[in-house]
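No lab work stands behind these numbers, since they all come straight from the coordinates. Not measured: the values here are computed from a predicted model. Positions of Cβ are backbone-derived with ideal geometry, glycine not excepted, and every protein chain shown enters the neighbour counts.
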Amino acid sequence: MNARRSLFAGLALLLIGCGSPSEPVTAPSLSATRSSSAGLYLYVANNGNGACYSGAISNINVYAPSSTVLLRQFAEGAWPFALAFDNVHDLFAASFHQNAVFVYASDGSRLSRTITQGIDAPLAVAFDKQWNLYVANSQGGTGGGTISVYAPGQSQPSRTIADKIAHPNALAIDASGNLYVSNSAGSFVSRYAARTTKAASIVTSGITTPAALSLDRSGNLYVANRGTWNGSTFAKSSVTVYPPGSGVPARTIVTGINTPSALAFDSNGRLYVANKPFDYTQAGSITVYAPGGSRLLRTITRGIDQPLQLEFDPSGNLYVANQRGVGIGSVTVYEPAATIPVRTIATDLCAPRSIALDSK
């Protein structure tokens, strides 16, 4: 078994509740910036698990606005790990297993191109304000992975970041174009100034097995820390918060945190944390915190089962990708401030890993 298949096997085992403790988590897409939620289509990346482990059902599903019925399915690009839309509504899907980023035309009818140059076991994708594409490659470089950057419409990287990269699993980009990279192998976050390839700083204080990154409206960096691996599970999970440019956390959130897998903010600045326990017998939860603080406002457990990603639409509805929900996966949707899902999508899903919303 070659190195790529070995790594993929470890990730697949992790998705069914065992295997390596360093599960990658993708950064959230930009799709929630769309102007209206009334006509938003839901795109779901199925990554497969032990119950449905085949490329035929590890692809991208599309659901019509407010519907729970499968509308169409993209057959190309199996094993997608991350989804994101650009400014012209093209869908970008990072496929770890096929070592590529697949780009689908804005009308959703066809695969328009495939990016392979500079791609090596990709786990996360993100766009900056100029719509340059950033891809986190878990392999490549000197062995610890790279970040490949592509100008809009291009399939050749304009630059490659390898300095201070150690198996990256999440990306965040602030309003000034500074890039933040979560490095799962080294328990640190590296920061790069806009249009550079050398790390400007490294954050280690408060970082223990980082899994997700997010930035609030003030530019504070939030890091989801899975915690310390003790041989069977993670302990001392947390979310650490860093002021702009700081390497020391201003505060640490621990109440309600249990092996966090994703972070997201609603339009009022409340922090939502997806908690995905390593113990697969535990369903997990979504915990919600007051803006700018550590006070736990509420906990969502109804409809939650091993959550992997969070997404908001412009009306404030929360979408949760549950790796093991109804049957073998679900997406649950919650109205603002609700703790009970208004609808559950489970048709033809298989361990959904990433979700995105778009008007087409």
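Once the Cα-Cα distance is subtracted from the 0.36 nm per residue extended length, the Asn230 to Ala338 segment shows a gain of 35.4 nm.
Label point of Arg251 set 7 angstrom out along Cα-Cβ; within region 276-299, amide nitrogens under 13 Å from it belong to 289-297. Distance between the pseudo-spin-label points of Leu70 and Gln282 (7 Å out from Cα toward the beta carbon): 3.3 nm. The peptide list 294-302, 131-139, put in order of mean Cβ contacts within 10 Å with the highest first, becomes 131-139, 294-302. Among the listed pairs Lys164/Lys236; Lys276/Lys360; Lys129/Lys236, those with a Cα-Cα distance over 29 Å are Lys276/Lys360; Lys129/Lys236. Under 16 Å from the Cα of Lys198, which aspartates and glutamates turn up, not counting those fewer than eight places away in the same chain? Filter leaves Asp163. With both labels modelled 7 Å from their Cα along Cα-to-Cβ, the Arg159 to Thr116 distance reads 2.7 nm. Backbone geometry of region 193-199 corresponds, through the Karplus equation with coefficients 6.51, -1.76 and 1.60 at θ = phi - 60°, to 3J(HN,Hα) couplings of 5, 4, 6, 10, 10, 9, 5 Hz, x marking Gly and Pro. The Cβ shell under 13 Å around Ala175 holds other residues with a net charge of -1, Lys and Arg each +1, Asp and Glu each -1. A simple spin-label model places the labels of Ser315 and Thr142 5.1 nm from each other, with each point 7 Å out along Cα-to-Cβ.
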